[in-house]
Amino acid sequence: MSATPFKMKAGMAVAIIGAIWSFILMSQAWDGSLDSVYVVGLAMFVCVMFFATAGAFTKFCPVKGSTVLVLSVVTAAVVILAMVYEAIPLIEGIILVILAIICIVCGACPGVVSWVDECRDA
Amino acid sequence: MNGKMCNPKLVGSIGIIGALFFSAVWIIGVGADSSWTLGENTLSDMGISDVELTANVFNYGCMVAGVLFTLFGIGKSSIESGHNRTSGLLMILAGIFLVGIGYFHKGWGDGTEHLMFAYLFFLVLCISVLYSMAGDWDDGYRLTPAITGVITVVCLGCVFGTTLAMLEAMVVACALLWMLIQGVKILRIRKD
C-alpha cells in the first residue's frame, strides 16, 4: 500500500476544522427555547456531515473511493441549506462552504479515489 | 445532426451568454421595480409589474433567453452523447417553454397558460439537470456532477421549508449556475 496522498490529509484536516467549527455554531444556535431545536438540528447535521467526510479521508474509509466525493457534495449542500434556513450565520456559512468545496476538490482527485479503493482491497 | 458540425466553443459560449443574459434580466427587472421582494414575489410577478420597464425586460427577456436555451440544447445534444444528449434534448424543450412563459405572461387571460408553461419549464429543466449529472459522471467528469449534485440537493432541501417564491428563486439561480458550468465544460471540449 502506497503512502497517504497529501490530498487525503488535506481533505481530512479541512473536514475536521469544518466539523469543529460547525459544532461550535451548533451550540450557539441554541437560544433556550424549544423553537430553536430545528436550527440546532440543522447545524448538527452540518457537523455530522463534516465528521463523516473527515472519516472518509482516512485509510479506514468505509465507502468506495468515488463515494468520498458524494459525501463531500452532500456536506456542501447541507451547509448551504443551513445558511438558507438561518441555522448558521452568513459569513461562517460561506467559510464552511469553502471548506466543503476543498473537500469536493480533494475527493474528485483520481489519486484519492484509487488510494481509497486500494486500501479497501488490502 | 452530425456532432462534428457543432463547434463546442460556439455552443459553450451560447450557454454562458444565456445564463448571464437571464441573470441580467433578473437584476435589471428587480432594480427597476423596488416593490419586488425576494421570497415574497415570484419571478413571474415581474412580468405583470406596474413598472413597464420591469415587465418588458422580464417578458421579452424570457423569450430571448428561451431561444438561447433552445440553441444551447441543440448544440449540447449534437456534441455530447448518452445521458448528456438526452439532457440537451430536454433543454430544447425547456427553452421553448421559457419562450411561452415570456409570451403568455402572468396577466394573460386567467394565468392558466402561464402557469402551464412555468410548470412544464421547471419539470423539464430539472430532469435535464439530473440527466446531465449522470452523463457527466459517465463521461469521467467529477467536478461538474459534484456541483450539479450540490445544487440539486440544495433545491430539494428548499422544497419543504421555504415559500414557493423563494423556492422558485433558488431553483432559477441554481439552474443558471448549472447552465454556466455546462457552458464552460462544453467550451473546453476539444473538437476532433
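For the pair A:Ala10 and B:Leu38, a Förster radius of 45 Å applied to the C-beta separation gives a FRET efficiency near 0.80, rounded to the nearest 0.05.
When you restrict to C-alpha pairs under 8 Å that are six or more residues apart and normalise by the size of chain B, the relative contact order lands at 31 percent. The trypsin sites (Lys or Arg not before Pro) found in region A:23-122 that occupy coil by DSSP, while having at most 14 further C-beta atoms within 10 Å, are A:Lys59, A:Lys64. In whole angstrom, the protein assembly as shown maps to an equivalent ellipsoid with semi-axes of 36, 28, 14, each derived as √(5λ) from the alpha carbon gyration tensor and ordered largest first.
The fewest-to-most ranking of B:Ser23, A:Ser27 by surrounding Cβ atoms within 10 Å reads A:Ser27, B:Ser23. Among B:Ser34, B:Ser77, B:Ser49, the largest mean-square fluctuation in a Gaussian network model of chain B, built with springs joining Cα atoms closer than 10 Å, belongs to B:Ser34. Between A:Glu118 and A:Trp30, the C-beta separation translates, for a Förster distance of 41 Å, into a calculated FRET efficiency of about 0.45. Near A:Val37: Cβ cut-off under 15 Å, other residues only, Lys/Arg at +1 and Asp/Glu at -1. The net charge is -3. The count of lysine pairs in the protein assembly as shown whose Cα atoms are under 17 Å apart, excluding pairs fewer than 8 places apart on the same chain, comes to 11.
Between B:Ala146, B:Ala65, B:Ala118, the residue with the greatest mean-square fluctuation in the GNM of chain B (Cα pairs under 10 Å linked by springs) is B:Ala146. Between region B:26-49 and region B:147-192, what's the alpha-carbon centroid distance in Å? Each part reduced to its Cα centre gives a spacing of 20 Å.
In plain terms, the residue of A:Leu81, A:Leu69, B:Leu93 with the fewest other Cβ atoms within 10 Å comes first and the most crowded comes last, giving B:Leu93, A:Leu81, A:Leu69.
Remind me, what semi-axes does region A:6-121 give for its equivalent ellipsoid, largest first in whole Å, using sqrt of 5 times each Cα gyration tensor eigenvalue? Working shown, then result.
Details: eigenvalues 157, 30, 22 Å².
For region A:6-121, the semi-axes come out at 28, 12, 10 Å.
The angle separating the long axis of helix A:110-121 from the principal Cα axis of greatest extent in chain A is about 80 degrees. For region A:1-75 versus region B:96-133, the inter-centroid distance based on Cα atoms is 37 Å.
Under 19 Å from a point 7 Å along the Cα-to-Cβ line of A:Ile98: which residues of region A:4-45 have their amide N that close? Counting backbone N atoms under 19 Å from the label point, the list is A:10-25. The trypsin sites (Lys or Arg not before Pro) of region B:150-192 meeting both criteria, a DSSP state outside H, G, I, E and B (loop) and at most 15 other C-beta atoms within 10 angstrom of the site's C-beta, are B:Arg188, B:Arg190, B:Lys191.
According to the calculation over all Cα-Cα pairs in region B:7-185, the P(r) per 5 Å bin from zero is 1, 9, 17, 22, 21, 15, 9, 4, 1, 0 %. About the centre of its Cα atoms, the protein assembly as shown shows a dipole size close to 1400 debye [charges on the beta carbon of Lys, Arg (+1) and Asp, Glu (-1) only; nearest 20 debye]. Spread over its residues, the convex hull of the C-alpha atoms of region A:20-85 is 76 Å³ per residue.
Projecting the Cα atoms of A:Ser33, A:Val84, A:Ala100 onto the charge dipole of chain A (Cβ charges, centred on the Cα centre) puts A:Ala100 farthest toward the positive pole. Report the calculated FRET efficiency for B:Met116 and B:Leu164 (r = Cβ-Cβ distance, R0 = 22 Å), to the nearest 0.05. So the FRET efficiency works out to roughly 0.85. Relative to the longest principal Cα axis of chain A, at what angle does helix A:6-29 sit, 0 to 90 degrees, rounded to 10? Helix A:6-29 sits at roughly 10 degrees to that axis.
For region B:1-66, the relative contact order comes to 33 percent (Cα pairs under 8 Å, sequence separation of at least 6). Structural descriptor for chain A: relative contact order 36 percent, calculated from alpha carbon pairs under 8 angstrom and at least 6 residues apart.
Each value in this text was obtained by applying a stated rule to the coordinates, not by laboratory testing. Given the structure is predicted, the values throughout are model-derived calculations rather than measurements. Neighbour counts run over all protein chains shown; Cβ positions are idealised from the backbone, glycine included.
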